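Notes to accompany the following structure.
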Amino acid sequence: MNFNNELSDLKNRFLFRTLRAQKCSDVARDRIDFFIWELKFLNCFLHLQSFAFASECGMLDISQKMIEICKRFNTPPPHNSFAYWKEVICKRLCAISIQPDASSDDGFACWKKVIWKTKQEFRAKYSFPKTLLADNKVYDDDDTNPKFVMEFIDAVVGNLNVLVKINDPSSLLFVPGPKEQIEQVLKELKLLRFFVCFVSNKCIEPQYQHTTFYTHALIEASHIAMVVWLNLPIYGNRNQDLASSEVSCLLSDFMEMKIKSIQPDISRNNIYIDVLRALKSTIPQAQDKHAAESGIVETPTHNLMVGLSDQMANLQEMLCLLRDNLIHLPILDLEFHLQDMDSVIVDAGLLIYSLYDIKGQKEDTTLEDINQALGFDLPRNIEPIKAMINLVMQKAFQCNLPRIHGLGYVDFLLKNLKDFQGRYSDSLDFLKNQLQVIQTEFESLQPFLKVVVEEPHNKLKTLNEDCATQIIRKAYEVEYVVDACINKEVPQWCIERWLLDIIEEITCIKAKIQEKNTVEDTMKTVIARTSSKLARTPRMNEEIVGFEDVIENLRKKLLNGTKGQDVISIHGMPGLGKTTLANSLYSDRSVFSQFDICAQCCVSQVYSYKDLILALLRDAIGEGSVRRELHANELADMLRKTLLPRRYLILVDDVWENSVWDDLRGCFPDVNNRSRIILTTRHHEVAKYASVHSDPLHLRMFDEVESWKLLEKKVFGEESCSPLLKNVGLRIAKMCGQLPLSIVLVAGILSEMEKEVECWEQVANNLGSYIHNDSRAIVDKSYHVLPCHLKSCFLYFGAFLEDRVIDISRLIRLWISEAFIKSSEGRRLEDIAEGYLENLIGRNLVMVTQRSISDGKAKECRLHDVLLDFCKERAAEENFLLWINRDQITKPSSCVYSHKQHAHLAFTEMHNLVEWSASCSFVGSVVLSNKYDSYFSTRDISSLHDFSISRILPNFKFLKVLDLEHRVFIDFIPTELVYLKYFSAHIEQNSIPSSISNLWNLETLILKSPIYALRCTLLLPSTVWDMVKLRHLYIPDFSTRIEAALLENSAKLYNLETLSTLYFSRVEDAELMLRKTPNLRKLICEVECLEYPPQYHVLNFPIRLEILKLYRSKFKTIPFCISAPNLKYLKLCGFSLDSQYLSETADHLKHLEVLILYKVEFGDHREWKVSNGKFPQLKILKLEYLSLVKWIVADDAFPNLEQLVLRGCQDLMEIPSCFMDILSLKYIGVEYCNESVVKSALNIQETQVEDYQNTNFKLVLIEFSLQKKAWKLNLTDAEDMHNAVKNILAEIR
């Protein structure tokens, strides 16, 4: 039935004509979808007019009536009524859609009323067709063959699917009430279609029995199509003259097989039995014509829910399992079993359809009756069916597993096995022995998995990784089988067989390992070799190599040239280094020092206009001055006014369309002050469109010298390549096709190999000439040599958006929750994960965008577009991760692995998640990424609520990661997802249900409140203390409000490392909480002392605590002394402190590296004295908006300080002179301070650079007032500094 494309064209015409007049509203779209739904059914019926039953049941009358309806609209009827119908609707709908809110004479309302009235008339006289099958034959060699029957059923199924998915009551296609009946009809129609396919594939010669069967199937499908079309939808409960119970009854007629006779003496079951008997005789001859030809194994058992006697319950159960697993099972490696499977399927069909007749003749059917009537030995025949069902279920599960795994999955399984056996001992009692054997086997394999991670270069690498993959797959199976047992989804006999098979397969894996002496060999290697480590030395690869002539040319254009504004456009293919080159120019001291304001943004394919403006504003005026709640146009005006009097340098990276430049160009005023804009794009058209004076630069490829220089730099760093390797190195560089990205990726491969000629020759021989212009091939090579434990981590980047910076703390938490990280005794999972990441960074697969100044650890990262595209494509190929965009063409129903999808899913829209939810029962993780504005305002917040998620989350029963952190508000916490390890979302509730403890696997809980909400304390239930696996808890302003006695008797949360943001009303509450969390590493809390008179305490924080942020609630003083021997980061906000308190605190914090004081008052004297040796390890000191006036610092108070930031310290007299002599000092930032502070900062700059030759020193002065002049200075260059200091000091004096 070739109408899909036609209907698609018709819909496009509707949309095109509507959009020409105005943007298509939701109402107009709904009307379009409704008419197309009607058209599809009409098209189905028109295709049946050549069949006798179509005339009998009124199909011809319907067609004639539709022509008459068209005549009412004064359009002459054409010969082709369907084409005529389309044309009329097209004209009417396009006219209607322009004015969707018209009054009572609205053409659409009239049209709908006529349709409904017409259906009422036909419904009154419609009945199920009773006709001679001989008059309705469907022949194999005719145009109306079994393929037509299947296409007809497909069309009906497609239209029913539409009704199931619509949940909006305002939609014209909305069906109120439960939809289980429709879903069941859908399932049966699909199975009927599969039966038709099965029979057509098996038939060697067309036979009368088969054509009768096809006709019967077509009549059944047309009947249910007519029932649905005449009665559904009911237009949002309006014009409803048929109760929903009556519709259910009609559907039940189809479901319960009450309509069994089409013509006298021919029952439905007789037809099916005849067909199956004919098939049974052809199976030995049809070995080459099995179900694989249809791409899926089908079953004729398309209605097994019959009322069998108790003796037949076992058979019914087995056949249901066979049906449920076969209909979604790809063939894959079942070829050797297909003939046996065909026999089982046919025998099962014969049993079932024969049972209908037997039960009809005798009510109390016994096993003996069935055996006698059918001539079967049923007990003996059931055994091969059991064996086949067991095989099919295992294959159906295994074929959907991802082919890339995290090696930490066995750790997760072993912990859960112990928990499950404790929590569900009754359900699992009969499996106790098998589970103990499995647990012992997995524990014995743990040393092997550790070896696979720690020694990736072992000579048996391929064997090790293959065995490791098989082990993880068995772990997935055990998890599924145990869950199925607990929830009684699989019968006991099947579970027992499956577990025995798993034990046998694990034994085989172990034998394979032992046969090759894998464990012993690799263990010895681990002990002997120490060169291979999980963690790598952090390194930054920002320095650009090559393009010297290009850089010099662009630098001249930026600094000289026209007085007016100019756009420097750089374009070229992916991987040439456009972004790297632009960033190099943007951060060049000789360039940015000539501009008053520097700002940058990255656009990419999908962008938010408001996000771009916010990014530019944050760079231009500082984060604290940006008003995110403003509308995008207001922010754009603020940016334009900010830039108007200044000379600015703007970098706009990765522009894909001219429209982006149209959106932004109005923000960049031209006042003839040599302002410049750098723009990068892949497209010459965009570069030319944005150009003003300078011609676009087409970035060339590298020459051979530059290629070698970059390769050498990336592999050897500051060292030189040995002469022995240089020749082969030059050859490899040349083979990279002069593409910087290819060179960088190959360098990542070489840097991991021994510096031997043989190794490099192997790389050169395998690269091949095909990579010259194919960066994907290079990425594939880099991926291929990755150790297996890094492959899953790398591909997981595919869940993130293009050109987005990724927070590494979040990334690592996700990796851990996904079980990508293999545990190692004595090491934190977070530390191991950081090692994995540094390994990927060292291979040039991940770019670091920000590192911590205090410890050099990566804080943010991103992937090149080419690498990100590779991750998405390869992850989908490996059934590992599927990225689903808003306009994704692939639908859940067409996904090969849709029914039992084990892959991780990434979405950008909530409605995509809703659509896919019914097809993803085995999905391991769902990550929703926000491709729009990350700073949403109250104006659009209503669109972010998606409470429908409460209905779909139970479908994801094996979900371990649910990350809805971006813009999604939920109405409940999914406490039924017992496997969940990571949950992040926004909530508006002021309490959390006690049932949250049902999430006993939860490790990370992140709940955020809307920025517009009134600040209030969120109540956390006492049951949270039962969640002993919690590692990270982020909840805004929460309090436990729990009785001390109850908390005292609760379990300690030994795994909890992060706690944010907790509210303490009493110091005693804090003391008790800290005792219950002995391994805390990060604590953010708000304290309030309600004691009167206030008492002073010494609060002993956990010994491992490294980060502490304290916020004041009401009382200004801190009612306790901070004692934390390993604390590295301390932030105090809003308190009233004095020198004595800070001095006493410092005595307990000898390892402190970062100290931030924010809005702190310093008592009546407003003075802070810091004596020698108080902060021996401090590297960063930030003082923001303090009441401090006098600051006295001893010479050796901050011996290792690297950064000093003063912001908003308007009353501070000066920066102490001792900072001139701190040789470790690299940076001073002064923002919104007075002139005396600026003067002292400039004096320090002069001494550091001129006297001590500290070339690393940098001074940044922002927006300080000086004789009514605003200054923003970034002083790093010695000559610039000298002149600036000289001029500014002269003005100050």
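The values are calculated or read from the model by the stated rules, or taken from the named source; none is laboratory data. Predicted model only: the values in this text are computed from it and were never measured. Using ideal geometry, Cβ is built from the backbone for each residue, glycine included, and neighbour counts are taken over all protein chains shown. Accessible surface areas use protein heavy atoms only, side chains included; no ligands, DNA or RNA. Shrake-Rupley method; radii C 1.70, N 1.55, O 1.52, S 1.80 Å.
Observations on the structure shown:
- Count of residues meeting criterion [farther than 19 Å from Arg1104 by Cβ and modelled with pLDDT under 90] in the stretch 1139-1158: 8
- Out of Ser823, Ser782, sole residue that is part of a helix (DSSP H, G or I) and either more than 30 Å from Lys1128 (Cβ to Cβ) or open to solvent by 20 Å² or more (accessible area, probe 1.4 Å) (or both): Ser782
- Flag for Ala687 being crowded, with 16+ Cβ neighbours inside 10 Å, touching a Pro at 6+ places or on another chain (Cβ under 6 Å) and not in a strand (DSSP E or B): yes
- Any chance Arg813 is in a helix (DSSP H, G or I), closer than 19 Å to Phe880 by Cα, open to solvent by 10 Å² or more (accessible area, probe 1.4 Å) and in contact with a strand residue (DSSP E or B) (Cβ under 9 Å, 6 or more places away or on another chain): yes
- Hits in the stretch 797-810 - residues which are under 15 Å from the mean Cα position of the chain (by Cα), in a helix (DSSP H, G or I) and not aliphatic (A, V, I, L, M): Phe797, Gly798, Arg810
- Test result for Ser1187, surrounded by fewer than 20 Cβ atoms within 10 Å (Cβ to Cβ) and under 25 Å from Glu623 (Cα atoms): yes
- Of the numbered criteria (1) over 30 Å from Leu739 (Cβ atoms); (2) basic (Lys, Arg); (3) in contact (Cβ under 8 Å) with a residue 40 or more places away in the chain, the one Lys641 fails is (3).
- Filtering the stretch 1003-1029 to residues that are open to solvent by less than 50 Å² (accessible area, probe 1.4 Å), closer than 17 Å to Phe972 by Cβ and modelled with pLDDT of 75 or more leaves Leu1005, Ile1006, Leu1007, Leu1018, Leu1020, Pro1021, Thr1023, Val1024.
- Of the residues making up the stretch 384-413, those that are of a type in the set (A, V, I, L, M, F, W, C), part of a helix (DSSP H, G or I) and open to solvent by less than 20 Å² (accessible area, probe 1.4 Å) are Ile385, Met388, Ile389, Val392, Met393, Ala396, Phe397, Val410, Phe412, Leu413.
- Odd one out for Leu1204, checked against (1) in contact with a Lys or Arg (Cβ under 6 Å, 6 or more places away or on another chain); (2) at pLDDT 95 or above: (1)
- Subset tally (residues that are among the polar types (S, T, N, Q) and under 13 Å from Asp1221 (Cβ atoms)) for the stretch 1232-1263: 4
- Breaking point among (1) touching a Ser or Thr at 6+ places or on another chain (Cβ under 8 Å); (2) at pLDDT below 90, for Ser1240: (2)
- Thr642 vs. criteria open to solvent by less than 70 Å² (accessible area, probe 1.4 Å), modelled with pLDDT under 90 and not in a loop (DSSP other than H, G, I, E, B): no
- Some residue of the stretch 433-448 being open to solvent by 60 Å² or more (accessible area, probe 1.4 Å), touching a residue at least 60 places away in the same chain (Cβ under 8 Å) and over 28 Å from Cys788 (Cβ atoms): no
- Odd one out for Tyr982, checked against (1) open to solvent by 10 Å² or more (accessible area, probe 1.4 Å); (2) among the aromatic types (Phe, Trp, Tyr); (3) modelled with pLDDT of 85 or more: (1)
- Total residues in the stretch 592-638 satisfying the condition of being in contact with a strand residue (DSSP E or B) (Cβ under 7 Å, 6 or more places away or on another chain), in a helix (DSSP H, G or I) and either assigned by the TED database to the domain that holds Asp869 or of a type in the set (A, V, I, L, M) (or both): the figure is 4.
- Residue match in the stretch 481-495 (condition: open to solvent by less than 10 Å² (accessible area, probe 1.4 Å) and in contact with a Phe, Trp or Tyr (Cβ under 7 Å, 6 or more places away or on another chain)): yes
- Summed over the stretch 1220-1233, residues that are touching a strand residue (DSSP E or B) at 6+ places or on another chain (Cβ under 7 Å) and either under 19 Å from Glu1161 (Cα atoms) or surrounded by fewer than 22 Cβ atoms within 10 Å (Cβ to Cβ) (or both) total 6.
- Where a residue in the stretch 1181-1195 is in the same structural domain as Val1230 (by the TED database) and touching a residue at least 12 places away in the same chain (Cβ under 8 Å) and its partner, wherever it lies, is among the small types (Gly, Ala, Ser) and surrounded by fewer than 15 Cβ atoms within 10 Å (Cβ to Cβ), with Cβ under 8 Å and at least six apart: Ala1194/Ser1171
- Some residue of the stretch 35-57 being within 33 Å of the chain's Cα centre (by Cα), assigned by the TED database to the domain that holds Thr212 and modelled with pLDDT under 55: no
- Qualifying strands (runs of 3 or more DSSP E) (wholly inside the stretch 1106-1207; at least 3 residues being of a type outside the set (Ser, Thr, Tyr) and more than 26 Å from Glu1231 (Cβ to Cβ)): 1120-1123
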